Amino acid sequence: MNKLWLIIKREYTTRVFKKSFILLTLLVPLGIVAFGVLVGYIMSRNSVQNIHVAISDPQGMIEDSSFKSKKDIDYSLTKESFDQLKTLMKDGQYQAVIEIAPPSNLQETNFKIKVNTDERLDINTSESIKSTISKLYRNYKIKKLNLSDSTINNLDADISLDRHGVFKDDAKISNASNAVGAILGGIMGLLMYIFVLTQGMMVMRSVMEEKMNRIIEVILSSVKPIQLMMGKIIGVGFVGLTQLMIWLIFMPLTGIITGTLFSSRLKPQVVSSMDPNTQKAMEQAADQGLSSILSELGHVHWWFIVPMFLLFFVGGYFLFAAICAAIGSAVGDDQGESQQIMMPFTLLIVMGLYLAMGAIRAPNSSLSVISSFIPFFSPMVMSTRLAFDPPMWQPILALVILILTCIFFAFLAARIYRTGILMYGKKASFKELGKWMFSK
Amino acid sequence: MSILTLDHVCKTYQSQKAVDDVSFSVPRACIYGMLGPNGAGKTTTIRMITGITHPDSGDVFINGNRTNDTIPQEIGYMPEERGLYKKMPVWDHLMYLAQLKGLDESTARKELKEWIERLEMKSWYTKKVEELSKGMTQKAQFIATVIHKPEILILDEPFSGLDPISTNMIKDEITRLKNEGTTIIFSTHRMEQVEEICERMVLINKGRNVLDGNVEEIRKAHRQHLFELVTEDELPRSFPSQFNEVSRNGRKVQFKPDTTTHASDLLKYFLDQNLHVNSFQEIFPSINDIFIQTVENSNRS
């Protein structure tokens, strides 16, 4: 026991007090902020081609006064026909000429608009042009139909669902609770995925390193292989937990920073390119959002979710790490081969992530419920579902199944490990791995 | 009583017999050589002694206690393929290994300080392992092996890659430890080292011990009745046929006389011929010759 502790201590301290660990732990949250900023910037710059477009309107469909050029594409409204504009195009004053004409009847809804240009229009630009022209036609129709602005607005019908419990007294569950569940569940599922995968790989690399630099024989003349394996898995696990804790503290901070940076800058531009209905809904959501989300966060069963999440974290990590240790011991120095053998297990984890993402949208679908009991998926899927108040027996049963699976795999892994770690040269086949598992 | 005894030990890996019935015993406080060609089963044998693997059948006794399924703490083992954690500072590393061997922290610190002094490591014990030269690493590894004062020290090719100065330093330490009562088991291919250092030896081939005993006695038992003379004067063109000249080199000549001829007959002939003899000795076969001969014999049978 004392030796196990020594091994855990070494595995932990050599990693946690390494410069790269400290840097990574601090930089990743910053990196996420930087990433958010970058994505926000890219999103906010609705990049279109920088071209001058003439809208040729010989029949005077549009009143000059009502036309405003947009920021991204430079439009000029003109009464001249395309033939007259051709020379200006040649001079390079315009790169494109769009010909419009009033529709022959107001019932018509599909229009083919001629665009004369030698430029190749990219998707963003075509979409922008289409929406601009569409607005012109819409305004023209509104005017011709003699509709007032208030009449138009009267056509809208915004719906919000107001849920009332019938037999259960849980009136506090509002729309915001779903949003909070989605965010919280998504974060937990993703964290689980990232940690299980990276920590598992760390265990594998460390096992391979010990085997390759041959310290393994020195260590094994002092401790049992199972002690070394367990010490390594537990030690690296604590490293993961440490990082997780630091990030859990940092993440909200970074979230707030990104939020304040972009709530002001990002919204107006993105929103303006959306249609008015969504725009309004978003504004409403934003008004309600923050306060109700904050109040929802107060209602979350933290006392249940946090320990459960940590338990699933430990279980999921342990399961994957044990497999990684076994594979690392069997393959030796061949990184490529280890990746190959890892592939099926990695795929299971990735699949778990997708199931978890599905569980955000439909936490109580039968797919989500069933997959949250399956050991390789449950750490991700169940921790996502935790935020949606599943019946308490479900996480507990899933946890029991996970723990039993862990014990089973740890047992097999230990058998592969103690043989594999001392084998050099010849590569072990799957058949041999099977033999190691069940030999004396 | 022997400190270490192997009694009909076998170990099979999958279908391959790595060790097939090895038995020998090592007396206390002696330097014991373990020889054998590559793949003979030396490493597996050592691993079973150290408890890294366990025998399928047969027993290992240390101080009379059966240690088949345990990791005996009275052993210090330095494997042929050395390895230390590259990123760890020497001091931390040795402290870790010492504690794994069961030393408490303060004893480990005290012992380690002494060793660092003795092996002149003061200037580099804070460095990381990856920054060390090969000789330095070897010293560190040696300390890791002996820091817990093992009764049995198992060294697998301890001098490979060492310069003569470091070799001597380690040799002196081995002798010192032996004089303090440590039993040292030496696994090597370097036969001259066995002749030089070891008192007893065992020769393992194809998973079996084919020869064991006192090194000098083994050499005597394998003597070929071969004599060498060095003279002051020119050698005559030929010698009596029963002398059976084997080789000559300047004024040095070797004979392998038939069984009826005694050594003194050789000497008498030279004196009768008025040849001044500078030296006269029987040539014992080297352990190298014995090794090759025994291995070939056991492979044939």
Partner chain coverage, peptide B:92-99 - average Cβ within 10 angstrom: 4
Simple Cβ-charge dipole of the protein assembly as shown, Lys/Arg +1 and Asp/Glu -1, about Cα centre, in debye nearest 20: 1120
Choice from B:Ile204, B:Ile152, B:Ile165 showing the highest fluctuation, given a GNM over chain B with Cα pairs closer than 10 Å: B:Ile165
Cβ-based charge dipole, chain B, positive-most Cα from B:Thr294, B:Val26, B:Asn244: B:Val26
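Taking every residue in A:199-212, how many Cβ atoms of other protein chains lie within 10 Å of its Cβ, on average?
On the way: counts 0, 0, 0, 0, 0, 0, 0, 1, 0, 0, 4, 2, 1, 2.
Mean shielding by partner chains, rounded to a whole number: 1.
Which FRET efficiency value, to the nearest 0.05, do you get for B:Lys256 and B:Glu296 by plugging their Cβ-Cβ distance into 1/(1 + (r/R0)^6) with R0 = 25 Å? Let's see the in-between values first.
Working: r = 19 Å, r/R0 = 0.77.
Efficiency, from the Cβ-Cβ distance: 0.80.
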Gaussian network model of chain B, springs between alpha carbon atoms under 10 Å - residue of B:Pro150, B:Pro55, B:Pro164 with greatest fluctuation: B:Pro164
Extended-chain gain in nm, criterion 0.36 nm per residue less alpha-carbon gap, A:Met343 and A:Ile42: 105.0 nm
Which of B:Gly36, B:Pro158, A:Phe320, positive extreme of dipole for the protein assembly as shown (C-beta unit charges): A:Phe320
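About the Cα centre of chain B, what is the dipole size in debye to 20, counting +1 per Lys and Arg Cβ and -1 per Asp and Glu Cβ, all else neutral?
On the way: 37 positive and 43 negative charges, 140 e Å.
It comes to approximately 680 debye.
In percent, what relative contact order does the stretch B:63-145 have, based on Cα pairs under 8 Å that are 6 or more apart in sequence? Display every interim value, and only then the final one.
Working: 56 pairs, mean separation 35.8, N = 83.
Reported relative contact order: 43 percent.
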Whole-Å distance, taken between Cα centres, linking the stretch B:204-280 and the stretch B:1-25: 38
Calculated from backbone phi, Karplus (6.51, -1.76, 1.60) coupling profile of the stretch B:16-27 in Hz, x at Gly/Pro: 9, 7, 7, 10, 10, 6, 10, 9, 6, 9, 10, x
Anchor B:Lys220: aspartates and glutamates whose Cα lies under 17 Å away (excluding residues fewer than 8 positions away in-chain): B:Glu192, B:Glu195, B:Glu196, B:Glu199, B:Asp212, B:Glu228, B:Glu282, B:Asp289
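Every number here is computed from the coordinates shown, using simple stated rules; none is lab data. Since the structure is predicted, the reported quantities are computational estimates derived from the model, not experimental observations. Quick reminder, even Gly has a Cβ in these numbers, built from the backbone with ideal geometry, and neighbours come from all protein chains shown.
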